[in-house]
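Following: one structure in structure tokens, then a few remarks.
The values are calculated or read from the model by the stated rules, or taken from the named source; none is laboratory data. Because the structure is a prediction, the values reported are computed rather than measured. As a convention, Cβ positions derive from the backbone with ideal geometry for all residues, glycine included, and neighbour counts pool all protein chains shown. In case anyone asks, the SASA skips ligands and DNA or RNA and just uses the protein heavy atoms, side chains included. Shrake-Rupley method; radii C 1.70, N 1.55, O 1.52, S 1.80 Å.
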2 protein chains.
Amino acid sequence: MSLQPTIYVGPLIHHKSLTELEILPTASIYVDAHGKIAHISPTPTPPPAGFSSARTIHAPGPSTFFFPGFIDTHTHAPQFPNAGLFGATTLLSWLETYTFPTESRFSSLPFAKQVYSRVVKRLLSHGTTTAAYYATVHVPATNLLAEICHAAGQRAFVGRVCMDRDGFVPGFYRDESAAQGVVDSRASIEFCRALDPEGDLVQAIVTPRFAPACSEEALRGLGELVRETGVRVQTHVSENRDEVRLVGKLFPEDRDYVGVYDRFGLLGERTVLAHAIWLSEEEKRLVKERKAKLSHCPCSNTCLTSGAMKVKDLLAEGIDVGLGTDASGGYSASMLEEVRQAILVSRHVAMVDGEKAKLSFEEALWLATKGGAKVLGLEDKVGSFEVGMDWDAQMISLGQVDEDGTIGVTENLVDVYGEEKWIDRVAKWVYAGDDRNTSAVWVKGRLVHKRTDVSF
Amino acid sequence: MSLQPTIYVGPLIHHKSLTELEILPTASIYVDAHGKIAHISPTPTPPPAGFSSARTIHAPGPSTFFFPGFIDTHTHAPQFPNAGLFGATTLLSWLETYTFPTESRFSSLPFAKQVYSRVVKRLLSHGTTTAAYYATVHVPATNLLAEICHAAGQRAFVGRVCMDRDGFVPGFYRDESAAQGVVDSRASIEFCRALDPEGDLVQAIVTPRFAPACSEEALRGLGELVRETGVRVQTHVSENRDEVRLVGKLFPEDRDYVGVYDRFGLLGERTVLAHAIWLSEEEKRLVKERKAKLSHCPCSNTCLTSGAMKVKDLLAEGIDVGLGTDASGGYSASMLEEVRQAILVSRHVAMVDGEKAKLSFEEALWLATKGGAKVLGLEDKVGSFEVGMDWDAQMISLGQVDEDGTIGVTENLVDVYGEEKWIDRVAKWVYAGDDRNTSAVWVKGRLVHKRTDVSF
């Protein structure tokens with residue numbers, strides 16, 4: 001697909017490093033017909049070759065800036081109808097009470113269409129340009145999710161969920177057998193490859209739900225499928241202490257939870273492990289050695305009383321970490337909310353471990369952009385703005401408070417009084433912002449979301 | 001002021017008890033010309049006497065309900081320009097870096113007008129029908145805040161801040177002297193009494209910032225002022241461990257922090273103590289004996305790494321607790337956000353103390369309504385819907401997801417798929433909701449906020 005070359009003019013904000021944002025208040029970003037960044041100029045300059053007839057999009061208003069799209073490294077598309085419904089449950093009772101009954105409904109394609117259409121729209125409206133989705137066991141509904149992402153223009157990893165273990169998964173919602181589960185996972189990989197042969201936008205991802213839900217035969221079969229096809233892997237690990245004990249009981253021959261995945265060839269640099277709260281030192285060592293990636297899901301971890309990940313320690317040890325909304329363990333589809341939750345949880349860790357445990361808002365934003373890109377193997381494509389990378393971006397517009405205390409036509413919750421430095425405007429967005437501030441969203445240069453109250 | 005008698009028809013939801021909501025799906029609420037609830041009928045009935053020519057307001061749409069207005073028991077109106085700006089500071093460094101410089105700007109009335117107009121609009125739009133505000137040391141700006149609340153129709157306690165202690169408060173922002181501070185506090189009380197002689201809507205509240213900011217002479221003078229005028233008191237206590245140690249050093253003759261306020265006659269059933277995280281058993285005993293009230297500020301407590309209040313323990317001990325947004329220690333003006341934060345913080349407490357520490361969403365909503373009413377002495381007037389009480393209410397409208405995944409004209413973040421029970425709809429609102437769901441707000445029967453996308 002060829003696009004009109006476009007020059008984006010306005011403040012550009014992205015990460016220089018984990019701890020520091022680069023702010024170019026008067027940037028011009030030149031995006032070519034393939035949606036790639038061809039050139040970035042910190043000040044107005046004559047357009048380079050190929051951009052003489054480009055259109056120009058100006059950031060409107062004094063508090064509008066361009067920021068990298070968010071990367072959600074872990075969420076469950078079919079669980080959105082349950083957002084906010086978890087009561088006092090913890091992981092294992094929550095699965096049984098809320099999750100399995102709802103996921104089983106995705107045998108119905110009309111229901112899947114209703115929910116998945118809503119979910120993809122929601123995530124785009126929150127500025128999530130890339131998402132790693134768990135679907136359900138159902139191949140048709142999983143393929144539909146891939147189609148919806150592809151049509152909407154969202155970058156996505158779509159995982160058919162594998163779960164077959166007798167005695168754990170319910171009779172009404174499970175793979176027919178270990179062998180059938182592997183066959184179905186293969187079918188969903190083939191579907192995605194036919195849909196998007198280059199895997200430029202949508203890719204399948206092998207998705208054993210988590211070790212306790214899978215037989216050894218299923219895990220072995222998925223490991224072989226991964227070796228054969230080279231697709232990525234996502235699963236859960238060490239979210240809840242009861243779950244960790246259960247894994248010890250179900251897999252007595254393995255040294256630990258991470259060791260189970262390793263034994264079946266499911267732990268590698270193309271693996272995303274969600275939660276990873278209760279890893280032992282030995283497990284962390286193995287994660288690092290295998291270059292496996294972690295998805296931190298602070299909102300979910302708090303809601304289900306799972307625990308608090310010590311994310312600063314993991315980063316300091318050189319382990320790759322991104323953020324995940326983990327609906328509906330987490331109640332929000334918004335990565336900006338997840339950024340806030342990451343900061344808040346780090347402060348609860350700091351109440352015990354001291355100052356060094358605190359995430360700054362810059363660090364939390366890094367997890368949601370560059371960190372997530374690394375976790376999903378997209379670090380050369382997205383997560384920040386560099387020449388040669390794709391234009392996966394969001395236009396962020398904040399409110400401006402007039403003299404009489406009104407904020408003009410755009411309704412949102414971020415009040416800028418006019419004297420704030422750019423770095424403080426970003427902080428205000430992080431803490432008070434929501435989807436109303438995400439005026440427009442692009443993936444690979446294509447406009448995939450635009451609010452009706454913004455014009456350019 | 002006389003109002004047109006009005007019948008509100010639609011689902012009514014409020015608390016039966018701390019743990020349980022009463023849900024009347026087809027209620028009619030009859031509100032008289034004084035804004036008082038004259039009658040509530042769980043089913044459609046002929047109107048009682050006095051309502052034959054009343055207008056009727058129907059809750060529009062299938063997921064709209066009436067809920068009591070929120071009661072914010074602790075917030076700082078002048079700190080809203082700093083919302084989200086706190087970096088890695090904790091209480092004492094935060095005051096110095098962010099708070100005192102911003103509060104000092106309220107010597108300017110145009111600035112005060114800009115900020116306070118915005119703040120009162122914001123709080124009403126979030127469904128906050130009653131707020132206990134800290135203002136600044138400045139009498140004219142404090143009086144302006146009272147006027148703005150009164151004109152907007154918000155129920156408010158407005159406190160001129162008293163702070164005079166040499167060596168703690170900065171030269172550029174302080175009371176001229178202890179005596180002048182008391183004179184100024186008296187002036188703000190007299191202003192409010194002239195503005196609203198019955199104190200029906202707006203009342204002054206005596207507001208020593210907190211013990212470390214006040215000389216003994218000031219505290220003594222304020223204690224006498226309270227004894228003489230009978231107005232309520234609000235202050236901070238035991239928010240941060242360094243602060244607690246500082247009080248020990250500054251008031252060596254007092255047994256503890258709570259004891260300081262008690263010595264000066266500032267601890268009674270008309271006192272609201274904010275934070276109260278690190279109270280000793282002896283302090284809790286004295287708080288309970290004096291029937292003093294507590295304001296739990298979970299968002300602020302986490303942001304400033306102050307600690308986590310064990311709110312369930314305090315409730316179990318029979319101490320009265322409400323919720324406070326505590327801007328800008330907390331970053332949000334929304335009590336619904338504070339409800340969420342109270343739940344999340346209780347889960348962090350539960351990670352250590354076990355299940356009993358968890359607040360349910362019903363309990364957290366109770367803190368934001370009936371709990372807050374008790375804390376501010378308004379339990380006979382507001383916080384739930386009973387005959388004889390005032391109509392302080394919000395109309396909550398949730399989104400309805402169509403078959404193709406769109407949600408119709410009203411844009412909001414709460415997705416209702418149609419099969420949810422009422423209690424689950426309330427849970428969805430608590431976790432995903434924001435000001436977009438607050439379609440309309442009434443105080444004492446007067447419409448004080450209405451979204452443009454709702455009609456009735």
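Given a 1.4 Å probe and heavy atoms of the protein chains only, how would you sort B:449, B:126, largest accessible area at the top? Mind showing how you got there, number by number?
Values: B:449 40, B:126 10 Å².
The residues order as B:449, B:126, largest area first.
Tell me which GluC sites (Glu not before Pro) from the range B:127-233 have a DSSP coil assignment and no more than 10 other beta carbons within 10 Å of their own. Mind showing how you got there, number by number?
Details: sites: B:147, B:176, B:190, B:198, B:216, B:217, B:224, B:228; in loops: B:176, B:198.
Of the GluC sites (Glu not before Pro), the ones in loops of the range B:127-233 whose Cβ has at most 10 other Cβ atoms within 10 Å are B:198.
When a/c reaches 1.5 or more, the comparison of a/b and b/c decides; with that in mind, is the range B:70-376 rounded, prolate or oblate per its Cα gyration tensor? Don't skip to the end; give the middle numbers.
Working: a/c = 1.39, a/b = 1.17, b/c = 1.18.
Verdict is rounded for the range B:70-376.
Using unit Cβ charges (K, R positive; D, E negative) and no other charged atoms, how large, in debye to the nearest 20, is the dipole of the range A:54-130 about its Cα centre?
360 debye
Checking the a/c ratio against 1.5 first, then a/b against b/c, what shape does the Cα gyration tensor give for the range B:238-370?
Details: a/c = 1.68, a/b = 1.53, b/c = 1.10.
Here the range B:238-370 falls in the prolate category.
Quick one: buried accessible area between A and B, total over both chains, 1.4 angstrom probe, nearest 100 Å²?
Numbers: alone 17450 and 17440 Å², together 30050 Å².
It comes to approximately 4800 Å² buried between A and B.
Determine the share of the range A:70-376's accessible area contributed by carbon and sulfur atoms, expressed in whole percent, with a 1.4 angstrom probe.
Ligands and nucleic acids excluded, carbon and sulfur reach 52 percent.
Counting only other chains, what is the mean number of Cβ atoms within 10 angstrom of the Cβ of each residue in peptide A:427-435? Don't jump to the answer; show the numbers that get you there.
Numbers: counts 7, 6, 1, 2, 10, 8, 1, 4, 4.
Taking the mean over all residues of the peptide, I get 5.
When only Cα pairs under 8 Å and 6 or more residues apart are kept, what is the percent relative contact order across chain B? Let's see the in-between values first.
Values: 1027 pairs, mean separation 85.3, N = 456.
Computed over chain B, the figure is 19 percent.
Give me the distance in nm between label points sitting 7 Å out from Cα along the Cα-to-Cβ direction at residue B:49 and residue A:26, one decimal.
For residue B:49 paired with residue A:26, the spin-label model returns 7.6 nm.
For the range B:369-456, what's the radius of gyration and Dmax over Cα atoms, in angstrom?
When restricted to Cα atoms, the range B:369-456 yields Rg and Dmax of 15.2, 49 Å.
Find, among the residues of chain A, the one whose Cβ sits nearest the axis of the rotation taking A to B; state the distance in whole Å.
Nearest Cβ to the rotation axis, residue and whole-Å distance: A:348, 2.
Put a dot 7 Å past each Cα toward the Cβ at residue A:216 and residue B:402; how far apart are the dots in nm?
Each label point lies 7 Å from its Cα, and together they span 5.4 nm.
Using +1 at the C-beta of Lys and Arg and -1 at the C-beta of Asp and Glu, which of B:45, B:230, B:395 has the Cα lying farthest in the positive direction of the dipole of chain B?
B:230
So in the protein assembly as shown, what percent of DSSP beta bridges are antiparallel if you round to the nearest 5? Walk me through the intermediate numbers first.
Working: 56 of 128 bridges.
Of all bridge pairs located within the protein assembly as shown, approximately 45 percent are antiparallel.
With θ taken as phi - 60° and the coefficients 6.51, -1.76 and 1.60, list the Karplus ³J(HN,Hα) couplings across the range A:303-318 in order, rounded to whole Hz; mark glycine and proline as x.
These are the phi-based 3J(HN,Hα) values: 4, 8, 6, 6, x, 10, 5, 8, 5, 5, 4, 5, 4, 5, 7, x Hz.
Strictly over 23 Å apart at the Cα level, which of A:121/A:421; A:310/B:312; A:358/A:381; A:358/B:121; B:288/B:374; A:370/A:444 would you flag in this model? Working shown, then result.
Values: A:121/A:421 32 Å; A:310/B:312 26 Å; A:358/A:381 29 Å; A:358/B:121 33 Å; B:288/B:374 14 Å; A:370/A:444 16 Å.
Exceeds cut-off: A:121/A:421; A:310/B:312; A:358/A:381; A:358/B:121.
Among the DSSP beta bridges whose two residues both lie in chain B, what percent are antiparallel, rounded to the nearest 5? Could the numbers behind the result be given before it?
On the way: 28 of 64 bridges.
Close to 45 percent.
Would you be so kind as to list the residues of the range B:303-318 that have their accessible area lowered by at least 10 Å² in the full protein complex compared with their chain by itself (1.4 Å probe)?
B:303, B:305, B:307, B:308
Among A:272, A:303, A:260, whose Cα lies farthest out toward the positive end of the dipole of the range A:195-311, if unit charges sit on the beta carbon of Lys, Arg (+1) and Asp, Glu (-1)?
The listed residue farthest towards the positive side: A:303.
Give me the dipole magnitude in Debye, nearest 20, for chain A about the Cα centre, with unit charges on the beta carbon: positive for Lys and Arg, negative for Asp and Glu. Intermediate values should be presented prior to the final figure.
Working: 47 positive and 58 negative charges, 99 e Å.
Roughly 480 debye for chain A.
How many angstrom lie between the Cα centre of the range A:24-99 and the Cα centre of the range A:290-357?
20 Å
Ratio to report: Rg/Rh of the range B:1-160, with Cα atoms as the point set and Rh obtained by the Kirkwood method; give two decimals. If you can, show how the numbers build up before the last one.
On the way: Rg = 20.4 Å, Rh = 18.5 Å.
Radius of gyration relative to Kirkwood radius: 1.10.
Using the 7 Å Cα-to-Cβ label point, sort the distances from residue A:187 to its equivalents in the other copies shortest first and give them in nm to one decimal.
Taking the point 7 Å beyond Cα along Cα→Cβ, the inter-copy spacings are 8.0 nm.
Shortest first and in nm with one decimal, please list how far the residue B:241 label point sits from its counterparts in the other copies (point 7 Å along Cα→Cβ).
Relative to the other copies, residue B:241 has label-point distances of 2.2 nm.
With θ set to phi - 60°, apply the Karplus curve 6.51 cos²θ - 1.76 cosθ + 1.60 along the range A:244-259 and write out the HN-Hα couplings as whole Hz, x wherever there is a Gly or Pro.
4, 5, 4, 4, x, 6, 6, 10, x, 7, 8, 5, 6, 5, 4, x
With a point put 7 Å past each Cα toward its Cβ, work out how far residue A:177 is from residue A:93 in nm, to one decimal.
Inter-label distance under the simple model: 3.7 nm.
Using θ = phi - 60° and the Karplus relation 6.51 cos²θ - 1.76 cosθ + 1.60, list the HN-Hα couplings for the range A:142-150 in order, rounded to whole Hz, with x at every Gly or Pro.
Once rounded to whole Hz, the list reads 5, 5, 4, 4, 4, 5, 5, 4, 5.
Using a 1.4 angstrom probe, figure out how much accessible area the range B:70-376 has per residue, in square angstrom, rounded to the nearest whole.
On the way: 9070 Å² over 307 residues.
Result: 30 Å² per residue.
Order A:288, A:293 by their accessible area, 1.4 angstrom probe, all chains in place, largest first.
Reading off the accessible areas and sorting them downward yields A:288, A:293.
Mind checking the dipole of the protein assembly as shown: about its Cα centre, +1 per Lys or Arg Cβ, -1 per Asp or Glu Cβ, Debye to the nearest 20?
The calculated dipole for the protein assembly as shown is roughly 580 debye.
Rounded if a/c is under 1.5, else prolate if a/b beats b/c, else oblate: with a ≥ b ≥ c from the C-alpha gyration tensor eigenvalues square-rooted, which is the protein assembly as shown? Write down the numbers at each step before the final one.
Details: a/c = 1.61, a/b = 1.55, b/c = 1.04.
Since a/c reaches 1.5 and a/b is larger than b/c, the shape of the protein assembly as shown is classed as prolate.
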